[in-house]
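K.L.:
Take this structure, written in structure tokens, and hold onto it; I'll ask about it next.
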Amino acid sequence: MFSLFTAKKSAATNMPPLKLHNTLSNSLEVFVPLSKREVKMYNCGPTVYGTQHIGNMRAAVFADTLRRTLGAWGYTVKQAINITDFGHLSGDNHGDADTGEDRMTMGLKREGMELTLENMRTLATKYMEEYFADIETLGVDRTKITFPRASDYIQEQVALIQTLEQKGYAYQIKNGVYFDTAKFAQYGKLGGINLGGQQEGSRVEKNKEKRNAIDFVLWKSDGTLGWESPWGLGFPGWHIECTAMIFTLLGKQIDIHTGGIEHIPVHHNNELAQAEAASGKRFVQYWLHNDHITIEGKKISKSLGNTVYLRSIIDRGFSSRALRYWFLTAHYRSPANFTWDALDGSATALARLTHTYFELPKGGDSDSAYMEKFYTHIANDLDTPQAIALAWEVIKNTSLLPADKKATLFKMDEVLGLGFVDVRPTQKLHVTPHADLPEAVRTLAKEREDARLVKDFTKADELRDQIQTLGYEVTDTPDGQRLTPNS
């Protein structure tokens with residue numbers, strides 16, 4: 001069941017029109033919800049086959065900032081973020097069932113687990129809970145969000161595919177059921193996709209049975225694993241899961257759908273096509289997409305060894321809210337380049353802001369002139385960089401009463417979600433005494449401490465993983481690293 005979140009109306013007398021950049025029209029549009037009181041929002045979530053890197057965290061912070069903004073404008077938000085726990089092809093181009101490798105399968109192989117539906121769910125649960133813990137430390141209140149798991153909505157996905165079949169949009173071939181993109185005249189309208197270019201670049205030689213090179217899979221046949229369906233044993237395609245869960249949880253028409261820009265050409269166009277083909281209605285009113293982040297100027301890639309996780313940031317002594325601050329200093333539609341120096345700058349700035357905030361006295365009122373400017377920035381497609389700059393202007397304004405400064409910053413933070421202090425939950429550590437640790441673990445722990453002293457954090461992360469495989473969690477504290485048995 002959804003938790004419905006209603007934020008109090010802003011103290012500003014007149015809220016400016018909220019304008020959002022709609023990928024569908026490629027323009028800034030005034031936000032007008034389908035309902036005057038409630039906004040239905042769906043955010044593309046993670047494939048939980050492993051730890052989510054900070055690029056995935058940017059999407060979560062963007063969605064949270066948008067939810068907070070809608071709340072500040074007085075709307076009730078009904079929000080869902082999907083959890084993909086099967087069927088995401090690592091080499092997916094247009095959803096071919098015969099190319100790429102399933103990411104959940106990759107995760108099972110990595111952890112030495114047999115390929116079964118039960119193990120797939122176990123693996124997904126592990127990394128889903130890890131994802132939840134990560135986004136909570138970033139200021140996302142997950143009690144206000146529904147997180148549907150794709151594997152819990154198999155029958156709904158089957159029913160949607162059957163509807164598409166009945167309406168003539170789907171056809172079956174040897175390896176599964178496909179959506180006939182030629183039957184949907186507006187295919188590719190999201191983002192103005194060049195279908196000719198996609199036809200030329202697609203791997204049509206992999207499946208000559210497809211009617212069109214860019215047709216995408218709705219149901220993937222599998223002779224040994226999966227769920228029973230009218231088309232035999234198999235799995236729903238990746239794209240169908242989101243549409244089926246949106247129809248079930250939010251309805252056939254929603255206000256906002258978000259995701260990364262990489263989803264525009266294929267995944268979101270496929271979602272849009274199958275949804276509107278099935279319902280005959282406009283599926284999403286506003287499509288919003290966040291840009292990528294790079295690491296030291298390079299694309300995030302495990303093969304390059306430059307993947308950064310939230311735990312890496314915390315291990316180096318940074319607050320997770322410092323990462324949120326860094327995210328917000330760039331506009332969500334702009335690319336951002338992560339460096340440790342940039343994060344250090346954000347951590348320093350947030351610490352100064354936090355210190356100043358708590359030094360100020362209570363009992364004031366938020367300044368209406370500043371809040372009007374703040375909401376004007378946010379109303380301009382969530383211009384968080386300007387909003388943060390304004391917060392610093394409040395700090396420096398000597399004509400503003402100290403208590404009013406505090407009240408104004410507090411009001412701004414209802415949207416920014418910086419928290420001013422890191423709200424990472426403290427856990428009671430059942431620390432294993434050093435002498436009681438296995439010799440191999442003691443050796444690795446010593447090597448890791450040495451690596452941290454010389455700031456070789458890459459090696460420290462690798463050693464942390466090795467210690468974890470031997471059954472111990474590592475927690476870095478001001479007094480050094482502490483080891484606790486895995487629960």
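K.L.:
Restricted to the range 335-381, and to residues that are among the small types (Gly, Ala, Ser) and more than 26 Å from Ile300 (Cα to Cα), which residue is modelled with the lowest pLDDT?
P.N.:
Among those that are among the small types (Gly, Ala, Ser) and more than 26 Å from Ile300 (Cα to Cα), it is Ala351.
K.L.:
Can you tell me which condition Phe410 does not meet? The list is (1) open to solvent by less than 60 Å² (accessible area, probe 1.4 Å); (2) touching a residue at least 24 places away in the same chain (Cβ under 8 Å); (3) part of a helix (DSSP H, G or I), and all the others hold.
P.N.:
Checking Phe410 against (1) open to solvent by less than 60 Å² (accessible area, probe 1.4 Å); (2) touching a residue at least 24 places away in the same chain (Cβ under 8 Å); (3) part of a helix (DSSP H, G or I), the one that fails is (1).
K.L.:
Across the range 213-242, which residue is farthest from Arg333 (Cα to Cα) among those that are open to solvent by less than 10 Å² (accessible area, probe 1.4 Å) and not hydrophobic (A, V, I, L, M, F, W, C)?
P.N.:
Going through the qualifying residues, I end up with Gly234.
K.L.:
Moving on. How many residues does the range 137-167 hold that are surrounded by fewer than 18 Cβ atoms within 10 Å (Cβ to Cβ) and of a type in the set (A, V, I, L, M)?
P.N.:
Adding up the residues that qualify gives 1.
K.L.:
Quick test of your reading of the structure: Met245 fulfils all but one of (1) surrounded by 20 or more Cβ atoms within 10 Å (Cβ to Cβ); (2) out of contact with any helix residue (DSSP H, G or I) (no Cβ under 8 Å at 6 or more places or on another chain). Name the failing condition by number.
P.N.:
Unmet condition: (2).
K.L.:
Next question, about the same structure. So, in the range 278-290, exactly how many residues are more than 17 Å from Ile240 (Cα to Cα) and open to solvent by less than 30 Å² (accessible area, probe 1.4 Å)?
P.N.:
Selection size over the range 278-290: 5.
K.L.:
Further question: Could you check the range 250-271 and list, in sequence order, the residues that are among the aliphatic types (A, V, I, L, M), in contact with a helix residue (DSSP H, G or I) (Cβ under 9 Å, 6 or more places away or on another chain) and part of a helix (DSSP H, G or I)?
P.N.:
Val266
K.L.:
Look at Asp344 and say whether it is open to solvent by less than 10 Å² (accessible area, probe 1.4 Å) and acidic (Asp, Glu).
P.N.:
So Asp344 fails the test.
K.L.:
Something else now. Considering (1) modelled with pLDDT under 95; (2) of a type in the set (D, E, K, R); (3) touching a strand residue (DSSP E or B) at 6+ places or on another chain (Cβ under 9 Å), say which one Asp255 fails and leave the rest.
P.N.:
(1)
K.L.:
Sort through Ser366, Ser399 and tell me the only one that's touching a residue at least 60 places away in the same chain (Cβ under 8 Å) and either of a type in the set (Val, Ile, Thr) or outside any helix (DSSP H, G or I) (or both).
P.N.:
Of the residues listed, the single one that is touching a residue at least 60 places away in the same chain (Cβ under 8 Å) and either of a type in the set (Val, Ile, Thr) or outside any helix (DSSP H, G or I) (or both) is Ser366.
K.L.:
While we're on this one: From the list Leu444, Leu463, exactly one residue is at pLDDT 80 or above, more than 29 Å from the chain's Cα centre (by Cα) and open to solvent by less than 60 Å² (accessible area, probe 1.4 Å). Which is it?
P.N.:
Being at pLDDT 80 or above, more than 29 Å from the chain's Cα centre (by Cα) and open to solvent by less than 60 Å² (accessible area, probe 1.4 Å) holds for just one of Leu444, Leu463, which is Leu444.
K.L.:
Here's a follow-up. Counting only residues that are basic (Lys, Arg) and buried (at least 16 other Cβ atoms within 10 Å of the Cβ), which one in the range 447-460 is modelled with the highest pLDDT?
P.N.:
So the residue we want is Arg448.
K.L.:
Tell me which residues, restricted to the range 168-196, are of a type in the set (A, V, I, L, M, F, W, C), open to solvent by 10 Å² or more (accessible area, probe 1.4 Å) and not in a helix (DSSP H, G or I).
P.N.:
Matches in the range 168-196: Ala170, Ile173, Phe184, Ala185, Ile193.
K.L.:
Hey, another quick one. Within the range 288-328, work out how many residues are more than 18 Å from the chain's Cα centre (by Cα) and β-branched (Val, Ile, Thr).
P.N.:
1
K.L.:
Right, something else. For the range 242-259, does any single residue satisfy the condition of being in contact (Cβ under 8 Å) with a residue 60 or more places away in the chain and more than 30 Å from Lys36 (Cβ to Cβ)?
P.N.:
No, there is no match, as no residue in the range 242-259 is in contact (Cβ under 8 Å) with a residue 60 or more places away in the chain and more than 30 Å from Lys36 (Cβ to Cβ).
K.L.:
Here's a follow-up. For residues in the range 107-133 being closer than 22 Å to Thr65 by Cα and in contact with a Lys or Arg (Cβ under 8 Å, 6 or more places away or on another chain), which is surrounded by the fewest Cβ atoms within 10 Å (Cβ to Cβ)?
P.N.:
Here the residue is Phe132.
K.L.:
Mind checking which residues of the range 208-225 are closer than 13 Å to Val177 by Cβ and either part of a loop (DSSP other than H, G, I, E, B) or within 27 Å of the chain's Cα centre (by Cα) (or both)?
P.N.:
Those that are closer than 13 Å to Val177 by Cβ and either part of a loop (DSSP other than H, G, I, E, B) or within 27 Å of the chain's Cα centre (by Cα) (or both): Glu209, Lys210, Arg211, Asp215, Phe216, Val217, Leu218, Trp219, Lys220, Asp222.
K.L.:
Filter the range 352-361 down to residues that are part of a helix (DSSP H, G or I) and farther than 10 Å from Phe420 by Cβ and give me whichever is farthest from the chain's Cα centre (by Cα).
P.N.:
Here the residue is Glu359.
K.L.:
Restricting to the range 48-69, name every residue that is out of contact with any Pro (no Cβ under 9 Å at 6 or more places or on another chain), open to solvent by less than 30 Å² (accessible area, probe 1.4 Å) and not in a helix (DSSP H, G or I).
P.N.:
Across the range 48-69, the qualifying residues are Val48, Gly50.
K.L.:
Can Leu34 be described as of a type in the set (A, V, I, L, M), assigned to a loop (DSSP other than H, G, I, E, B), at pLDDT 95 or above and surrounded by fewer than 20 Cβ atoms within 10 Å (Cβ to Cβ)?
P.N.:
Details: of a type in the set (A, V, I, L, M): yes; assigned to a loop (DSSP other than H, G, I, E, B): yes; at pLDDT 95 or above: yes; surrounded by fewer than 20 Cβ atoms within 10 Å (Cβ to Cβ): yes.
Yes; evaluated as a whole, the condition is true for this residue.
K.L.:
Pairs please, first residue from the range 206-223 and without any contact (Cβ under 8 Å) to a residue 24 or more places away in the chain, second anywhere and of a type outside the set (Val, Ile, Thr), Cβ atoms under 6 Å, 6+ apart in sequence or on different chains.
P.N.:
Hits for this filter: Asp222/Leu233; Asp222/Gly234.
K.L.:
Same structure, new question: Is the range 7-16 home to any residue that is open to solvent by less than 10 Å² (accessible area, probe 1.4 Å), over 20 Å from Met245 (Cα atoms) and modelled with pLDDT of 95 or more?
P.N.:
no
K.L.:
Could I ask something else about it? Filtering the range 361-389 down to residues that are open to solvent by less than 10 Å² (accessible area, probe 1.4 Å) and in contact with a Lys or Arg (Cβ under 7 Å, 6 or more places away or on another chain), which residue is farthest from Lys406 (Cα to Cα)?
P.N.:
If we take residues in the range 361-389 being open to solvent by less than 10 Å² (accessible area, probe 1.4 Å) and in contact with a Lys or Arg (Cβ under 7 Å, 6 or more places away or on another chain), then Asp381 is farthest from Lys406 (Cα to Cα).
The values are calculated or read from the model by the stated rules, or taken from the named source; none is laboratory data. All figures in this text were calculated on a predicted structure; none of them were measured in a lab. Glycine also receives a Cβ, built like all others from the backbone with ideal geometry; neighbour counts cover every protein chain displayed. In case anyone asks, the SASA skips ligands and DNA or RNA and just uses the protein heavy atoms, side chains included. Shrake-Rupley method; radii C 1.70, N 1.55, O 1.52, S 1.80 Å.
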